[in-house]
Each structure stands twice: as structure tokens, then as C-alpha cells.
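Trainee: Below: one structure in C-alpha cells.
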Amino acid sequence: MAKARQAEYERLNGKYLKEAQQLLDSGDYAQASEKFWGATAEVIKAVAAKRGVALGSHRSLGEYIERLHRMHPGWNLPRLFNAANSLHMNFYEDWLPPEIVSDGARAVTELVQKLKTLLD
């Protein structure tokens with residue numbers, strides 16, 4: 001069951017990253033922001049599922065990032081997660097300038113790359 005959940009989270013992560021980049025390229029910053037957040041949430045849930053942990057709330061994602069940060073302190077996971085969370089807020093408010101959304105997108109890409117190494 002955990003393996004199937006992990007696979008689904010990984011599939012969704014890839015889907016959301018692809019859609020986010022397309023939305024970013026087309027200038028739809030609010031929608032791109034939410035897709036980047038979704039990609040973040042899914043990769044965190046995939047890592048947790050691999051370890052037999054189910055995450056079900058926004059708070060649990062942040063707490064799990066903190067747990068991973070203690071294991072990998074040089075990865076700057078809290079900073080990268082905060083950038084993703086800022087994008088999530090931008091979906092509702094659409095207040096971030098394009099440059100900051102693009103910077104957040106790079107942070108999410110970095111976060112995803114780092115966490116995917118824990119899925120191998």
C-alpha cells in the first residue's frame with residue numbers, strides 16, 4: 001500500500017512540475033504558483049510514504065520537512081519549503097511579482113531534486 005501511495009505521489013509530482021512550468025512560461029503566475037506548491041507537497045508525501053509515514057495536513061508537511069532537515073542540515077530544506085509555501089499563498093492573493101515567482105519555482109525545483117534522491 002505504501003509503495004502504491006509513493007508511486008502516485010511521484011506521478012503527481014511530475015505532472016504538477018510540468019504543468020507549473022507551462023503556466024509559468026505562459027505568464028499565469030497564480031496558477032503556476034499553486035502547481036509548484038502541489039509538486040512540493042507530493043514529493044514530501046512520497047518521501048514520507050517510502051518511510052511508512054502518512055502526511056495529511058499542511059502542518060504535517062512542514063513538520064516532516066523539519067525532520068528531514070535534521071537529517072540533511074546542509075540542504076536548506078526549510079528555506080526551500082518556505083519559498084514553496086509563499087507560492088501557495090500567492091495562488092490566493094496573486095501578489096508576487098513574476099521574478100519572485102520564478103525564484104520560487106527554482107527553489108521548488110531544487111527541493112524536488114534533493115528529496116528525489118531519498119526515493120532511490
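The values are calculated or read from the model by the stated rules, or taken from the named source; none is laboratory data. Remember, it's a predicted structure, so these values are computed and weren't measured experimentally. Please note: Cβ atoms are built from the backbone with ideal geometry, for glycine as well, and neighbour counts cover all protein chains shown. In case anyone asks, the SASA skips ligands and DNA or RNA and just uses the protein heavy atoms, side chains included. Shrake-Rupley method; radii C 1.70, N 1.55, O 1.52, S 1.80 Å.
Trainee: Enter the accessible area of D103 (Å², nearest 10), with the probe set to 1.4 Å and all protein chains included.
Mentor: Solvent-accessible area, nearest 10 Å²: 90 Å².
Trainee: Test of understanding: extend the Cα→C-beta vector of M1 to 7 Å, then name every residue of region 36-56 with backbone N under 20 Å from that spot.
Mentor: 45-56
Trainee: Would you calculate, for the chain, the mean residue ellipticity at 222 nm contributed by helices, counting each DSSP H stretch of 4 or more residues as -39,500 (n - 2.57) and dividing by all residues, to the nearest 500?
Mentor: Rounded to the nearest 500, it is -27500 deg cm²/dmol.
Trainee: Right, something else. Farthest toward the dipole's positive end in the chain, which of F36, Y92, Y9, given Cβ charges of +1 (Lys, Arg) and -1 (Asp, Glu) about the Cα centre?
Mentor: Positive-most Cα among the choices belongs to Y9.
Trainee: On to the next question. Normalised by the residues of region 1-100, what does the relative contact order come to in percent, with Cα pairs under 8 Å and at least six apart?
Mentor: 32 percent
Trainee: While we're here: Run the simple label-point estimate for M89 and T117 please: 7 Å along Cα→C-beta, distance reported in nm.
Mentor: Once both label points are built, they end up 2.9 nm from each other.
Trainee: Once neighbouring chains are kept in place and the probe is 1.4 Å, which whole percent of the accessible area of region 18-120 is contributed by carbon and sulfur?
Mentor: 50 percent
Trainee: Continuing with this model, one more query. Eight or more residues apart or on different chains, and alpha-carbon atoms under 16 Å: count the Lys pairs in region 12-73 matching that.
Mentor: Final tally of qualifying lysine pairs is 4.
Trainee: Using the Cβ atoms and a cut-off under 15 Å, what net charge is assigned to the surroundings of P78, where Lys and Arg are +1 and Asp and Glu are -1?
Mentor: Once all neighbours under 15 Å are counted, the net charge is +2.
Trainee: Solvent-accessible area per residue for the chain at a 1.4 Å probe radius, Å²?
Mentor: Result: 52 Å² of accessible area for each residue.
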